[in-house]
1. Just need a number here: residues in region 89-145 that are under 20 Å from residue 35 (Cα atoms), of a type in the set (Ser, Thr, Tyr) and at pLDDT 70 or above.
2. How many residues are closer than 14 Å to residue 121 by Cβ, of a type in the set (D, E, K, R) and in a loop (DSSP other than H, G, I, E, B) if we restrict to region 83-105?
3. Taking region 54-82 as the region of interest, how many residues are at pLDDT 90 or above and not in a helix (DSSP H, G or I)?
Amino acid sequence: MRKQGKVEVAYEAIRPIYHASTVAVAHPDVEHSRPHLDFGRGFYLTALREQAESHAQRFIRRGKPAFNSEYELDEDLTGYSVKRFEAYDEPWLDYVTQCRHGDTPVQQYDAVEGGMELEDALAFFYDSDTYALMSEGVADMHCRSDEYLADELMLELQQRRPQGLTP
């Protein structure tokens, strides 16, 4: 049960989340995380099974074993300090840049939600219809403003993601 104003509401939101690794991971473990990652030292999870599978394929391409672990997340994070990114914007990029340089604002939070790793953002960009149009010189896409192109990419990303999942 969760209190919402003066009314108690049943809160049963449990969803599957996924983690790809070179070893099977029974329980999330922050201690073995590498430093200077996009969102700092932590245990990286995704709500998208396909994204975890894609990460596992990276390990396989490098000749390493790959395992996808599935967990259940109780979405009631009351009492936890959570940093949420609602968009891939300047604050998101600043946060990623700080973490990659070893300035770890993530230590202030129990969890960071939203956004994507920089490599995933670049992979999405280079696989996007917007990039294809730009590189082919179609409709002078290469002459459009950064803001216009970012809006086009956001629309494309929203169309590709399953309903209900945001950055």
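1. Qualifying residue count for the region: 3.
2. 1
3. 11
The values are calculated or read from the model by the stated rules, or taken from the named source; none is laboratory data. Computed from a prediction, not measured in an experiment: that's the story for all the values here. Here Cβ is always computed from backbone atoms with ideal geometry, including for glycine, and neighbour counts include all displayed protein chains.
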